[in-house]
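Reading through the structure tokens given below for one structure.
The values are calculated or read from the model by the stated rules, or taken from the named source; none is laboratory data. The model shown is predicted, which means the values in this text are computed figures rather than measured ones. For neighbour counting, all protein chains shown are included, and Cβ atoms are generated from backbone atoms with ideal geometry for every residue, glycine included. Calculation scope for accessible area: heavy atoms of the full protein, side chains included, ligands and nucleic acids excluded. Shrake-Rupley method; radii C 1.70, N 1.55, O 1.52, S 1.80 Å.
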Amino acid sequence: METVHRTTVVIIGAGPAGLATSVCLSKLAIANTILEKENVTCSLWKHRAYDRLRLHLAKQYCNLPFAPPHAASTPTFMSKDHFTAYVESYVSRFQIEPRFDCLVTRAAHGMGKWRVETARGEVYEAEFLVVAAGENGVPFVPEVDGMEGFGGVTLHSSGYRNGEEFKGKDVLVVGCGNSGMEIGLDLCNHGARASIVVRGPQKCMQFHVVTRGMVHLGMQMLKYVKMKYVDSIVASMASFYYRDLPKYGIHRPALQGPFTHKSTTGKTPVIDVGTVDRIRSGQIQVVPGIERVLKGTNEVEFADGTTRRFHAILFATGYRSSANSWLEVN
Ligand SMILES: NC(=O)C1=CN([C@@H]2O[C@H](COP(=O)(O)OP(=O)(O)OC[C@H]3O[C@@H](n4cnc5c(N)ncnc54)[C@H](OP(=O)(O)O)[C@@H]3O)[C@@H](O)[C@H]2O)C=CC1
Ligand SMILES: O=C(O)C(=O)Cc1c[nH]c2ccccc12
């Protein structure tokens, strides 16, 4: 007979969001269980993030609930190691005990309760389900004509640690979100010749580019000023500081500032940590969308008809939610 574990809330994912949710519920004496597919907390940070990753938000905006503020000695923009150590101290402080190696294969609601099944054959039943995982679950690589015959290395950003192996090589970075932009810079710092794909000025492909300082200032102002005013201030600063970006095919959404754009579309602005200067100096080249890979070669054809050879293509094209494959919504 199947054993059913009963609790009030099942939380899927032992990243910062799942752990914080668990602590808040436990403070209210609400029974909860965290199911985590890997055998660590914060697996994205520990296993699928590049070496130079730092948080984009200043440390005062990266506190977990009920934890004391970050130490004065903690840098304003924490490295991934600082952040994961902080999360680990949170886990021991609040004695959170996620169930590790529990890959959820199905979560469905029926007869007033959630039924959650794991790959190990366990079943959990709960009144409430918190999905705190999945958003960056499945690396997304677009289909490109001829890619299967590409003669060089291909890699998704989740597998990129640093640019050592690309020294002296021509690398094409596909995708100009936060990962692609920072990996472009990292490749340059490691002596690779990086090019980055920016697909075009169409409305759906426009994005904001801001500095960490602008975001920091915006976050401080949000405490006192309405978002639309913060947005117009930050957007004016950014459009002045980055006034030359349209020349590289990078266009910002005209109607919404970076904070409103994030809250309405979920799209984070690109936080420029030095990439734009490399674009300006020509060390990073901006190229148009990929059309195809010429059969059995290292040669890529772009939307403008030009072709170039690359040793490697790095897909920083984001993720799809893994929840699509296990969350059943009626
Ligand atoms: N320090 C930090 O805190 C960091 C945070 N992050 C965050 O992690 C999350 C994931 O970021 P990231 O990995 O950059 O993924 P994103 O989904 O944010 O970006 C993927 C990029 O790839 C582009 N893209 C998709 N398909 C194609 C294609 N066929 N050709 C060309 N371009 C394509 C997308 O364009 P389009 O939008 O037009 O589809 C988009 O610009 C984000 O929330 C990001 O902000 C990432 C890095 C560092
Ligand atoms: O979530 C991200 O990927 C970030 O870069 C941090 C971030 C959270 N909220 C924001 C609002 C405006 C700019 C950056 C962020």
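The set of residues from the stretch 301-319 being among the aliphatic types (A, V, I, L, M) and either crowded, with 18+ Cβ neighbours inside 10 Å or without any contact (Cβ under 8 Å) to a residue 40 or more places away in the chain (or both) comprises A312, I313, L314, A316.
C204 meets each of the listed conditions (1) open to solvent by 40 Å² or more (accessible area, probe 1.4 Å); (2) in contact (Cβ under 8 Å) with a residue 12 or more places away in the chain apart from (2). The single residue among T260, T275 that is within 30 Å of G151 (Cα to Cα), modelled with pLDDT of 95 or more and within 16 Å of ligand 2 (Cβ to nearest atom) turns out to be T275.
Based on what the data block shows, is G213 within 15 Å of ligand 1 (Cβ to nearest atom) and either free of Cβ contacts under 8 Å to residues at least 12 places away in the same chain or in a helix (DSSP H, G or I) (or both)?
Working: within 15 Å of ligand 1 (Cβ to nearest atom): yes; either free of Cβ contacts under 8 Å to residues at least 12 places away in the same chain or in a helix (DSSP H, G or I) (or both): yes.
Yes, satisfied.
All but one of (1) closer than 28 Å to E164 by Cα; (2) surrounded by 14 or more Cβ atoms within 10 Å (Cβ to Cβ); (3) touching a helix residue (DSSP H, G or I) at 6+ places or on another chain (Cβ under 8 Å) hold for S43; state the number of the condition that does not hold. Status for S43: all satisfied but (3). For the stretch 222-265, give me each residue that is among the polar types (S, T, N, Q) and either over 19 Å from N178 (Cα atoms) or touching a helix residue (DSSP H, G or I) at 6+ places or on another chain (Cβ under 8 Å) (or both). Residues satisfying the conditions are S232, S236, Q256, T260, S263.
Is it the case that some residue within the stretch 244-254 is modelled with pLDDT of 95 or more, under 19 Å from Y61 (Cβ atoms) and away from ligand 1 (no atom under 12 Å from the Cβ)? No, the stretch 244-254 has no match at all. Scanning the stretch 207-229 for residues that are within 13 Å of P258 (Cα to Cα) and open to solvent by 40 Å² or more (accessible area, probe 1.4 Å) turns up R212, H216, L217, M219, L222, M227, K228, Y229.
May I ask you to list the residues in the stretch 172-188 that are more than 9 Å from ligand 1 (Cβ to nearest atom) and over 10 Å from Y160 (Cβ atoms)?
Filtering the stretch 172-188 down to residues more than 9 Å from ligand 1 (Cβ to nearest atom) leaves 172-173, 184-188.
Across the stretch 172-188, the qualifying residues are L172, G184, L185, C188.
Among the residues making up the stretch 255-291, those that are within 12 Å of ligand 1 (Cβ to nearest atom) and over 22 Å from the mean Cα position of the chain (by Cα) are V287, P288, I290, E291. If I filter the stretch 279-300 down to residues being crowded, with 16+ Cβ neighbours inside 10 Å and of a type in the set (D, E, K, R), which single residue comes out as farthest from Q206 (Cα to Cα)? The selected residue is E299. Within the stretch 256-278, residues that are open to solvent by less than 50 Å² (accessible area, probe 1.4 Å) reach partners that are within 8 Å of ligand 1 (Cβ to nearest atom) and of a type in the set (F, W, Y) with beta carbons closer than 8 Å, at six or more positions or on different chains, in the pairs P269/F207; V270/F207.
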